[in-house]
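Encoded as structure tokens, the structure appears first; notes follow it.
The values are calculated or read from the model by the stated rules, or taken from the named source; none is laboratory data. Only a predicted model underlies this, so the values are computations on that prediction, with no experimental measurement involved. We place every Cβ from the backbone using ideal geometry, glycine too, and count neighbours over all the protein chains shown. Accessible surface areas use protein heavy atoms only, side chains included; no ligands, DNA or RNA. Shrake-Rupley method; radii C 1.70, N 1.55, O 1.52, S 1.80 Å.
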Amino acid sequence: MNEDTSQLRPEWRQWLAENLALGVTEEDVQKVLVSSGVDPAVARAEVAAVGAHPYFRACRQVARHFGWMESLMDAYSALRAQDGGRKLEVRHGVGPEEFFQRYYFGHRPVVLRGMMADWPALQRWSLTYFRERLGSVEVEVMVGRDADPEHAAFQDRHRSRMPFSDFLTLLETGTRTNDYYMVPRNENWREGGLSPLREDLRAPAGIIEPDLRQDMLTLLLGPAGTVTPLHHDNMNILLGQVMGRKHVRLVPSFERHRVYPHRGTFSHVNADAPDLTLHPLYAEATVLEAVLEPGDMVFLPVGWWHWVKALDVSASVTFHHFRVPGGNTHLEPPL
């Protein structure tokens, strides 16, 4: 049976092949098809046609390979759980040597406290300060996010430019919303933009490159209620919380198969209210979480999945140029 003679819609054919490749029994997939209105004889014929197709046999071989990889990752996850891997560490006074040896090279997240004590931003930054100093600057903001569940993956649809003062007025209304947010992937730090705010920051000594060029960091600014959906980055990131609080949830990179990847770096799972009927493996995921207060930093290792929700009007800064001993400071292999 080929695509021209198949009586199933393309999305059902894709579903059928995917589930059979992942090991769902022929009986179970036939039951689902029949319960969805497919004639039992057609369901049996479609299942038989898929199993006989050479492309599907190759697909099943690939699925077996990934199944072996997932079992290895499950074993690794169980070992990390015995090594304190089910708790997000919170540390004071971590020096550069320990940071790189235990966390950066160890591929472990950590909340770091006390590293922002010398930041003028902690005392200066407020919506009033931003308005008085840079209110006339034009900035780029993501808007219309609530109407688009794929807004994080398709940011170009939501880019809007406005005076910084107009955006600050939106934040001053106090409305809890996810509809507008200043996120990375913009040029707001460029000269003539918000670059003067870099004067209020300090690079953690021995960990982050000290010159803080505009391409070395990003600013996130938004109201309470903004959500960054579960995703991973292809580089190591150090996030510093300056204003307000943020709730973060993290899932290890080696539990990728438990978060149902979507569009490469995103997850199908709503980490705020996971639907375990749709995504049952997420129940087995190791979820580490913390509430970041002003002055807290969190290290997000490359590939680790993270979900972030602002609990207040929030300003955060991210760094991605590390002073790795004897090595490159920022380039990471793609995942």
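If only residues of the stretch 131-145 that are of a type outside the set (Lys, Arg) and touching a Pro at 6+ places or on another chain (Cβ under 8 Å) are counted, the one that is surrounded by the most Cβ atoms within 10 Å (Cβ to Cβ) is Val139.
In the stretch 105-129, the qualifying residues are those that are free of Cβ contacts under 8 Å to residues at least 60 places away in the same chain and outside any loop (DSSP other than H, G, I, E, B), and the one that is surrounded by the fewest Cβ atoms within 10 Å (Cβ to Cβ) is Gln123. Within the stretch 146-168, is even one residue over 20 Å from Phe322 (Cα atoms), aromatic (Phe, Trp, Tyr), modelled with pLDDT of 95 or more and open to solvent by less than 20 Å² (accessible area, probe 1.4 Å)? Yes; the residues of the stretch 146-168 include at least one that is over 20 Å from Phe322 (Cα atoms), aromatic (Phe, Trp, Tyr), modelled with pLDDT of 95 or more and open to solvent by less than 20 Å² (accessible area, probe 1.4 Å). For the condition touching a helix residue (DSSP H, G or I) at 6+ places or on another chain (Cβ under 7 Å), buried (at least 20 other Cβ atoms within 10 Å of the Cβ), among the aliphatic types (A, V, I, L, M) and under 30 Å from Asp166 (Cα atoms), Val269 does not qualify. If I go through the stretch 87-104 residue by residue, how many of them are at pLDDT 95 or above and open to solvent by 40 Å² or more (accessible area, probe 1.4 Å)? Qualifying residue count, the stretch 87-104: 9.
Determine whether the stretch 43-55 contains at least one residue that is at pLDDT below 85 and closer than 30 Å to Trp304 by Cα. Checked the stretch 43-55: no residue is at pLDDT below 85 and closer than 30 Å to Trp304 by Cα. Within the stretch 272-314, the set of residues being part of a strand (DSSP E or B), open to solvent by 20 Å² or more (accessible area, probe 1.4 Å) and under 22 Å from Leu79 (Cβ atoms) comprises Glu289 only. Suppose the filter is within 30 Å of Leu168 (Cα to Cα) and open to solvent by less than 20 Å² (accessible area, probe 1.4 Å); does Val248 pass it? For Val248, the condition - within 30 Å of Leu168 (Cα to Cα) and open to solvent by less than 20 Å² (accessible area, probe 1.4 Å) - is met.
Checked against the criteria, Arg113 counts as modelled with pLDDT of 95 or more, under 24 Å from Leu292 (Cβ atoms) and in the same structural domain as Ala203 (by the TED database). Here is the figure for the stretch 278-315: residues that are without any contact (Cβ under 8 Å) to a residue 40 or more places away in the chain and over 14 Å from the mean Cα position of the chain (by Cα) total 8. Here the stretch 196-240 is the region considered, the condition is being outside any strand (DSSP E or B) and within 17 Å of His151 (Cα to Cα), and the residue that is most open to solvent (accessible area, probe 1.4 Å) is Asp233. For the stretch 27-57, a residue qualifies if it is within 35 Å of the chain's Cα centre (by Cα) and open to solvent by 40 Å² or more (accessible area, probe 1.4 Å), and the qualifying residues are Asp28, Val32, Ser36, Tyr55, Arg57.
Condition check ((1) more than 15 Å from Pro184 (Cα to Cα); (2) without any contact (Cβ under 8 Å) to a residue 40 or more places away in the chain; (3) within 16 Å of the chain's Cα centre (by Cα)) across all residues:
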| site | (1), (2), (3) |
| --- | --- |
| Thr218 | no, no, yes |
| Leu221 | no, no, no |
| Ala224 | yes, no, no |
| Thr228 | no, no, yes |
| Asp233 | no, no, yes |
| Leu239 | no, no, yes |
| Val242 | yes, no, no |
| Val248 | yes, no, yes |
| Ser253 | yes, no, yes |
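Across the stretch 181-195, the qualifying residues are those that are in a loop (DSSP other than H, G, I, E, B) and open to solvent by less than 30 Å² (accessible area, probe 1.4 Å), and the one among them that is farthest from Phe130 (Cα to Cα) is Val183.
The single condition from (1) assigned to a loop (DSSP other than H, G, I, E, B); (2) of a type in the set (A, V, I, L, M); (3) under 18 Å from the mean Cα position of the chain (by Cα) that Val324 fails is (3). Here Glu172, Glu132 are screened, and the one residue that is within 19 Å of Ala310 (Cα to Cα), more than 21 Å from the chain's Cα centre (by Cα) and of a type in the set (D, E, K, R) is Glu172.
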